[in-house]
Amino acid sequence: MASTPPALHTEDGPSTRRPAWNAMILVIACTAQFMVVLDVSIVNVALPDMKASLGLSPAGQQWIVNAYTLGFAGLLLLGGRAADLVGARRTFLAGLATFTAASLACGLAAGGATLIAARAVQGIGGAILAPATLTLIMTTFTEPRARTRAMGAWGSVIAGAGAAGAVIGGLLTAYAGWRWVFFVNVPLGTALFAAALLHVPGGRPPGPRAGQGGPPRLDLPGALAVTTGLTALVYGIISTETASWTSPHVGAALAAGVLLLTAFVVVESKVAAPLVPLALLRRRTLALANLVMAGLGSAMFAMWFLLSLYLQQVLGYSALKTGLWFLPGCLAIILGTRLSTRLIHRTGPRPLLVAGMGVSTLGFLWLSRVTVGGVFTTDVAAPFVLCTFGLGLAMLPVTAAATAGIAPREAGLVSGLVNTSRQVGGALGVAILATVASHTTRAHAGPAAQALTAGYGNAFLCAALFTAGAALASLLLPGGPTEPGPGGAPVAAPAPVEKQ
């Protein structure tokens, strides 16, 4: 029997929406999230064409990827909190407009510096947009099972966009040119903006109105400290792809990031309305879920990056062929996500997370045995499907665990935390595994192809350590089937209520 449509708090009081209206909001939120995650991976297979067209150096080529990561990771917490303070609709529209305009600028870029700058702005737009998509879902779907299905769709979009990016990027690069990996966002973003204006409600954020204590103000000192701290930390991490971990500028960036994030904690303990309440960070389930998300993100981001390079540099595949061979991964992610959506209310997040990370660990261990003359179906496709199926199986449970029991007024903040963990974990994973691959390749005495393969093999072995660590951390999460928690989020039934 269909449930009553959830109430929406508007300026005029509660109202209701039809299920079809909620479905449209879900489509809008998932499509926007797809665009944001897609742009992390869609560029990878087009990088050689960009390098040739714009005359980029190897470092400049890498910064096309890094600039987006830097803008995205640095502002995610601020973007998430903005959704709580000014409303998900306004934040969504602002982020979407910024992201779409920057995509157009990327496609029109006449030089490497312009493209890198536009990519940074595109990342900023994504940081504003991404948390708003999950906030829309959490505030729209309040019935537990409906929310689980909606979050399952959102999670499958995140996991699937990485694989789809390689496919779409290969097709666009081969038949339309590299600029279309950016231009494709313009009509899609414009259509989404119009759809959001029509279908996404403009209700006020929950909390006191002006004149009734006023809405909470943005914690500007905290926002400045965490944004600059995360930016410095991610900059230091991604700089290790072209410099050693002991180089002065890498060390200075990492030290500055740690000091600024420490200052952020101090600020948050002093201000009346903190950007991130420290009590929230002390919640064991939330902390563990974000740790698992960081491990998942580190393996997922590195997988697309390293496999793209192995297929093109060692096996000699074209951009198009590389993209098409990622299709089995797309299907495996969808299958894993659908399975976890069906099972999570019976099992709870913990068994699915342990199983998903365990399956991915087996896949990465298998991938670590890649060879120069590898057979794609047995040496790449089979372990790749294991990796992606495991990631799909884990994506919904880790998001459900992180958002369990979260009040609607904190939805954007927690969304920002989840996305930050995934993005910073991804940046750290790519930096560490790229460094492992590079050092192994330089130390190898054999032919170039063998040296590259040895490097990728060791990198995949390290990825297996990340997912194995995430599986172990998952064991510490509350167990048992999920039940409605505060705000309708699924929580583990036997878990005690945590103090905030």
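Tabulated data for the structure shown
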item: Packing-based order for 447-453, 359-365, 295-301, 72-78, using average beta carbon neighbours within 10 Å, highest first; result: 295-301, 72-78, 359-365, 447-453
item: Where the Cα pairs of the chain fall when distances are cut into 20 Å bins, in %; result: 25, 59, 16, 0
item: Neighbour-count ranking [beta-carbon atoms within 10 angstrom, fewest first] of Glu268, Glu143; result: Glu143, Glu268
item: Residues of the range 180-203 with amide N under 16 Å of a point placed 7 Å along Cα→Cβ from Arg90; result: 197, 201-203
item: Simple label model, 7 Å out from Cα along Cβ direction - Trp245 to Val375, nm; result: 3.8 nm
item: At 0.890 mPa s and 25 °C, Stokes D of the range 81-122 from Kirkwood alpha-carbon radius, µm² per second; result: 222 µm²/s
item: Length-normalised contact order of the range 271-388 in % [C-alpha pairs under 8 Å, at least 6 apart]; result: 24 percent
item: Two-site label geometry, Ala176 and Thr31: point separation in nm, points 7 Å out along Cα→Cβ; result: 1.5 nm
item: Packing rank of 281-287, 86-92, 426-432, where each peptide gets the mean count of other beta carbons within 10 Å, highest leading; result: 426-432, 86-92, 281-287
item: Simple label model, 7 Å out from Cα along Cβ direction - Ser438 to Leu108, nm; result: 3.4 nm
item: Val266-Ala97 FRET efficiency (beta carbon distance; Förster radius 45 Å; 0.05 resolution); result: 0.80
item: For the range 228-299: span of alpha carbons on each principal axis (Å, largest first); result: 40, 29, 14
item: Model label zone, Leu362; criterion: amide N under 19 Å from point 7 Å along Cα-to-beta-carbon; scope the range 385-401; result: 385-395
item: Stretch gain in nm, segment Ala23-Ala255, where the contour uses 0.36 nm per residue and the Cα spacing is subtracted; result: 79.0 nm
item: Whole-number percent relative contact order across the chain, with pairs defined as alpha carbons under 8 Å at least 6 apart; result: 21 percent
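Read the figures in this text as sums done on the coordinates, not as results from a lab. Computed from a predicted model, the values in this text were never measured in an experiment. When we count neighbours, we look across all protein chains shown, and the Cβ atoms used for this are built from the backbone with ideal geometry, even at glycine.
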